[in-house]
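What follows is a short report on a single structure.
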Amino acid sequence: MTATSLPTPEADVVPALSIAGLHAGYGRIEVLHGVDLEIPAGSVFALLGPNGAGKSTLLKVVSGRVRATKGTVAVGGTRIDRRPAEALVHLGLCSIPEGRGVFPNLTVRENLWMWTYRGGVSRDEVEARAYEAFPRLGTRRRQLAGTMSGGEQQMLAISRALVTDPKVLLLDELSMGLAPLIVEELYEVVGTLAGQGLTVVVVEQFVTTALHVATRAAIMVHGRIVREGSPAEMADAALGAYLSGGSTPA
Amino acid sequence: MTEFLEFTVLGVAVGAAYAILATGLVVTYTTSGIFNFAHGAVAMFAAFTYWSLTQHGVPEWLGLLLVLAVGAPAFGALVEWGLMRRLYGASVERPIMVTLGLLVIMLGAADLIWNISTVRTLNPLVAGTFTLFGVKLPWQNAVLLGAAVLVAVAMRLLFARTRLGVGMRAVVDDPELVRMTGVSPNRMSRAGWMLGFFLAALAGVLIAPTLGSTFTVLNMTLLVVNAYAAAVVGRLRSVPWAFVGAIGLGLATEYFVGYGSQHFASGVGSEITTALPMIFLFVALVALPSARLEAAGRLVAARIPRTVRGRESLIAASLFVAASVVFSLFFSGTFLTEGVSTVGPIAGQTMALGLVALSLVLLIGYAGEVSLCQFAFMGIGAFCMGKVAGGDSLLGVLVAVGACAAVGVLVALPTIRLRGLYLALATFAFAEAVQLGFFADTHVLGQAGIIVGRISVAGVSFTGDRAEFILLSVVFALCAVGVLAIRRSAFGRRLVAVNDSPAACATVGLNTGITKVAVFALAAGMAGLGGAMWGSLQGTVGASNFTIFAGVIFVLFVVIWSARTVTGAFLAALTYAIFTNVSHLTKVEGIFAGVGVILIGWVANGILGIEWFGDRVHLPWVRRAPTEPADAVEPCLEPSLLAAGSEAGGPGVVS
């Protein structure tokens, strides 16, 4: 085999998540106007941008909650843009939606049981893993999730990523409405997960927090990716985007 | 002591029937977030299907298998697929109307197949009797109690211990999140409805043989109404508490009947006994802690049609009255009399019923308060009119309005905290209690009804049909103008605000309680006026005119046409009058109303709220509102808002 026939490392590795020419929106209103993005496996990818840029919509399309009108989305080389959300879970996609991704009228324990639909893990195992990562949940296993604090609810939500062994984790505004200390604690867990080889996509208003854990980042404005690069490169560009986007960074 | 034990045994036997029904209601609510008003109708349908199968020589075991294991779950799955799946995230009003629609469809269909009041006999699954504490009971009652306990325990375990049960509850919380855990929420929801219908069918076939000579379509359907109270004791979510509530209700009824009969003079108290479960339901709703009422949500109003200007409404009202005068000239002087003409009575009743429909525009359309008791107020109005000052005076009309408004305040005060489903249930309980405990009393409306006359005002007599008709149309037109004026007023804005966000109202210092009591009183007074006018039009009124089902069907018609517009109120009254006066339509009235409301269940604002209709139907003197171009909308809107927007009436909705 000659050196020229060897594929480059970049071409060899199938991206964990690849998005090409993606258009999507709500009814007649188009929000994403052709998004192209390749997220390498094992990276923590921060998606930044002002309010209304289409970041959350992008995550919704990827997680199967909003249909794409044009373009493709693939996880590990498998096209997923026409599949229902529940099927994506079995392909290794875990999405923690904006707000609290928990069932408020189920207890902590019952919420954890719901995480076992991915398969391959027992109820006891799910509970044990979640309580190990977040001991606080262990003391509240019989409490209704809706009556816990925002931080605790987010811990419960993120425990889904811990117990279901996904390949790609989508996090939408993890820090929304939470105290900085809690945010730090949650991102520590995200860091641990990333260290285990999980691909993480983070949509975040806290630019510094997001860039702190990210290995790569992109800026989105008006439904398009305008810049992509290393976290250091994006830090300054993000501020400009926020200011020109008409919104103030959080 | 022996007596006490006797009553207790009887009470537990009665309670067991309520328990199995209440468990079914709780299971459906827990797995769908929808209170299924048609639960009793499903039980009735199952029992009668089973009866029909056995009549055709099908062995009992096969009949049971077909009904319980095949028919009921399949029907449940069909209802979930065709109707309930579309109601996720809908305003609380729509599931109420859709399940009420299903109820009247099934009742109508059962009436066509089996006749509503023909008594049938269904053999018990286990024959024979046994004696306990001196009370001789059929074994069937023991089977029923055993089944009730078994079902309650099984459901408790299902929901607390199994992933399937937890999954079915989770769908109510957040179907989207269920999807993100890797399971289809539709599958979970379908399982919930199949289970709910199975439990209803099981209750039906087990309870039917214990009814004896009261096993009719109507009684079977109404029996579940008694179980509503038990389900409410369980906050619609707790199987054990619903069970306790059911047994408690059974015991309370039997103690009341048993001990009460020793103290009451004969005849007195029997009406109270039949109304007891309704009183129990009303009290249970009123006594429920506030924190536990949150789950039932609020009525999210779709966009309310454009406010009509005073000048526009006055022109429309004048033209309406003029048209009525011209209309009356085409007929003979006795055209309102039934038998002389069909069109006359329909036209006359439309005007009187239109007043009741207008009261629903205030309540459901503007304030978002679902009231199922407007026919009860109408009955009270007719009663007052008939009993005061000879039954034909203006004073009678005023008393009717005043008394109904006062009763409206009395109903509104204890139910101030209740909204959505709980308010619908409370008003349902009130209507049924008034029907059973008041109208059914022979001293009130009597066996043959009471006579109500036509009024004379300042020497002008309205005894002639033409004069009466014109009076009715003037009163309707004035009330319609009044309702539209209310919408324009500060009070109207308060109503809409209270509906939109009670929390926001509180932050600006607006007292939602007073607003609610006021609109209830106003609407009750208007319904009372409708009742008085209806009474004087008909000449005689009886208890059968104001039944709960008639009231429910009427509300459905209002919702079908649009509870948010005066035009909708008029068309609803007209539709109801046509169905009750054209003899071959009377039988299918319920089915029509049910099918209509189910179709309308898919769009929020009724026929007049459908964009297509709103865009095309315009009254010449109504100025069109400018339409905003679609691209002017900011792209940060939530999908749910957009969906609500597409359901709402366009800017040109007929008012």
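Yes or no, residue by residue, for (1) within 11 Å of chain B (Cβ to nearest Cβ); (2) of a type in the set (A, V, I, L, M):
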site: A:G52; (1), (2): yes, no
site: A:S63; (1), (2): yes, no
site: A:A68; (1), (2): no, yes
site: A:T78; (1), (2): no, no
site: A:C94; (1), (2): yes, no
site: A:Y117; (1), (2): yes, no
site: A:V121; (1), (2): no, yes
site: A:R140; (1), (2): no, no
site: A:Q143; (1), (2): no, no
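Scoring A:V73 on the criteria (1) more than 9 Å from every other protein chain (Cβ to nearest Cβ); (2) modelled with pLDDT under 90; (3) within 18 Å of the chain's Cα centre (by Cα) leaves a single failure, condition (2).
Could you tell me which numbered condition A:V200 fails, if it satisfies all but one of (1) closer than 21 Å to A:G92 by Cβ; (2) within 14 Å of chain B (Cβ to nearest Cβ); (3) modelled with pLDDT of 85 or more? If we test A:V200 against (1) closer than 21 Å to A:G92 by Cβ; (2) within 14 Å of chain B (Cβ to nearest Cβ); (3) modelled with pLDDT of 85 or more, just (2) comes out false.
Just checking, does the range B:27-34 include any residue being crowded, with 24+ Cβ neighbours inside 10 Å and at positive phi? Looking for residues that are crowded, with 24+ Cβ neighbours inside 10 Å and at positive phi, one finds at least one in the range B:27-34, hence yes. Identify, please: which residue in the range A:32-50 is within 11 Å of another protein chain (Cβ to nearest Cβ) and surrounded by fewer than 24 Cβ atoms within 10 Å (Cβ to Cβ) and is, among those, nearest to A:R83 (Cα to Cα)? This residue is A:H33.
Taking the criterion of being at pLDDT below 85 and assigned to a helix (DSSP H, G or I), the residues of the range B:529-545 that qualify are B:Q538, B:A543, B:S544, B:N545.
Looking only at residues in the range A:61-90 that are surrounded by fewer than 17 Cβ atoms within 10 Å (Cβ to Cβ) and among the small types (G, A, S), the one that is farthest from A:Y117 (Cα to Cα) is A:G77. Checking A:V189, A:V183 one by one, the residue that is part of a helix (DSSP H, G or I), in contact (Cβ under 8 Å) with a residue 40 or more places away in the chain and farther than 17 Å from B:M180 by Cα is A:V189 and no other.
Annotation note: Cβ proximity below 8 Å between a residue of the range B:415-436 that is within 20 Å of B:S544 (Cβ to Cβ) and a residue that is assigned to a helix (DSSP H, G or I) and of a type in the set (D, E, K, R) (sequence gap 6+ or interchain) occurs for B:L436/B:E271. I'd like the full set of residues that are crowded, with 16+ Cβ neighbours inside 10 Å and small (G, A, S), limited to the range B:500-538. Hits for the range B:500-538 are B:A518, B:A521, B:A523, B:A524, B:G525, B:A527, B:G528, B:G530, B:G531, B:A532, B:G535, B:S536. When A:R100, A:R28 are screened for being within 10 Å of another protein chain (Cβ to nearest Cβ), of a type in the set (K, R) and either in contact with a Ser or Thr (Cβ under 9 Å, 6 or more places away or on another chain) or without any contact (Cβ under 8 Å) to a residue 40 or more places away in the chain (or both), only A:R28 passes. Just so you know, in the range A:96-110 the residues that are under 15 Å from the mean Cα position of the chain (by Cα) and farther than 12 Å from A:E152 by Cα include one that is surrounded by the most Cβ atoms within 10 Å (Cβ to Cβ), and it is A:I96.
The values are calculated or read from the model by the stated rules, or taken from the named source; none is laboratory data. These numbers were taken from a predicted model, which means no experiment stands behind them. Don't worry about glycine lacking a Cβ; one is built from the backbone with ideal geometry, like all the others, and counts go over all protein chains shown.
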